[in-house]
Amino acid sequence: MKISCPTPAMSMSRDAGLSVLMVDLKREFFYLYGDEDTKNPAEDFGSSPLITLEQPFVYFGLFYNQLYVNNKGYLTFEGPFQQEYPDYFPAYSTRDIIAPLWTDIDITRKGTISYRQVTDGHLLNRASRDINQYYPDLNFSASWVFIATWDKVPYYRYRRTESTFQVVLVSGKNMSFTLMHYGSIAPAMQPVKSGYDTSDSTDLFTIPVSDTTNLPYTSNVDIMGRWVFRTDTTSQNNGLFYPFRNGHRFQLDSELAFPVYLRTPFSYLGLTYSNIYVYTNGFLSFEWTLFPQSPRPLPAYTHVDIVAPLWTDIDNSDFYFQEFSSARVLQRATADIRQYFPQTNFTADSVLVCTWDNVRYYNTSAQNSSFQVLLISVSGLSFIVFNYGNIPQTEHIAL
């Protein structure tokens, strides 16, 4: 569907020293909102009460039966959240968040924040058509729609500013989608974030604008002012690999070991460690020592415990690590361990993911290798998992 935007009507006003460009954009793709909505309290740090969803919404693998509409321009699931200035994604927090326009909004004197949810009628048909337009292979049928709208809301200290935007959650057939709609957006004088983030930042997206007034003229679906995301499954799908690219990234020097301190101690064959050391050449140890570039044959009869997914002579490499305690990664690790060790009835409470990404063997032109080691544990039980991507042959000694 091609949406035509009329020529915007513009006016200028000044508030608290800010020049404000008012742009009247008639957005035909906004979903219905108005008097029949439930309204948020007109409080600076306000939020909706707990909203019980009439159908569950799956958000990157987790099923939610509730959410909160926060006055500062975002949705949360676990509880209300009172923070005027946004975290920068990846936030590595414990919170799932959907933020069409997270900034210091103040509706104590004007503006309206409202929401509604729908399980029948023409809005379901409209949502189904929209999703099938952008994802034609899914044959999607919406069974639930949630609409939250920030209508003509001002920024704190700049009461004459007005911004209108909307987030729409759509679900059906265990699939879910998030739509963000932008009408007239005033220039912001404080930090702003538009996008979404998951707990521990296993999946995230930031709309790439530095000027909020540009949001109505951006899109990922060729309808200016509309962004559409599928949000039931992770977009960072690396097959066997656990998520890693949103973690802490370091360039490892071949002569050094990088220390990683563990929030959850790891039990390794009767000993418990609170830190590990990561080496460029494809292995971990639990105590620092200087190792040769080429691996020692096993058994090595050393005094150091070693975990070696691919110990060989690797050039300087990109290394990522992240220790996860978020529900979605723990659920995946629990399912994996129960599949391979069904007798344990194991439930993970910590997962450390260490990844060597696209590393190259020293002094060779072979294509790059990617591999990963997971340390998975819970109170006395621990497991080590090796995951391998592309691993070319090498003339170096490898273990």
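The values are calculated or read from the model by the stated rules, or taken from the named source; none is laboratory data. Keep in mind the model is a prediction, meaning the values are calculated, not measured. Positions of Cβ are generated from backbone atoms using ideal geometry, with glycine treated the same way; all protein chains shown enter the neighbour counts. Side chains included, ligands, DNA and RNA excluded: accessible areas come from the protein's heavy atoms. Shrake-Rupley method; radii C 1.70, N 1.55, O 1.52, S 1.80 Å.
Here are some notes:
- Ranked from largest to smallest solvent-accessible area, with a 1.4 Å probe on the protein heavy atoms, Trp102, Trp288 come out as Trp288, Trp102.
- Between helix 122-134 and the chain there is an angle of about 50 degrees, using the helix long axis and the longest principal axis of the Cα atoms.
- Ranking by accessible area, most exposed first, for Lys110, Lys72 with a 1.4 Å probe: Lys110, Lys72
- The chain, accessible surface, carbon-and-sulfur percent (1.4 angstrom probe): 50
- Calculated Cα Rg over 2.2 N^0.38 Å (choose from [x] 1.10; [y] 1.17; [z] 1.29), label: [y]
- Tilt relative to the chain, helix 327-340 - C-alpha long axis, 0 to 90 degrees, to 10: 40
- Probe 1.4 Å - accessible area at Tyr135, Å² to nearest ten: 60
- Once exposed loop GluC sites (Glu not before Pro) are cut out (DSSP; at most 11 other Cβ, 10 Å), longest piece of the chain: 37-254
- Whole-Hz couplings from phi, Karplus 6.51/-1.76/1.60, listed for segment 374-383; x for Gly and Pro: 10, 10, 10, 8, 7, 4, x, 9, 9, 9
- Per residue, the solvent-accessible area of the chain (1.4 Å probe, heavy atoms of protein chains only, all protein chains present) comes to 46 Å².
- Contact order relative to length of segment 313-363, as percent, for alpha carbon pairs under 8 angstrom and 6 or more apart: 60
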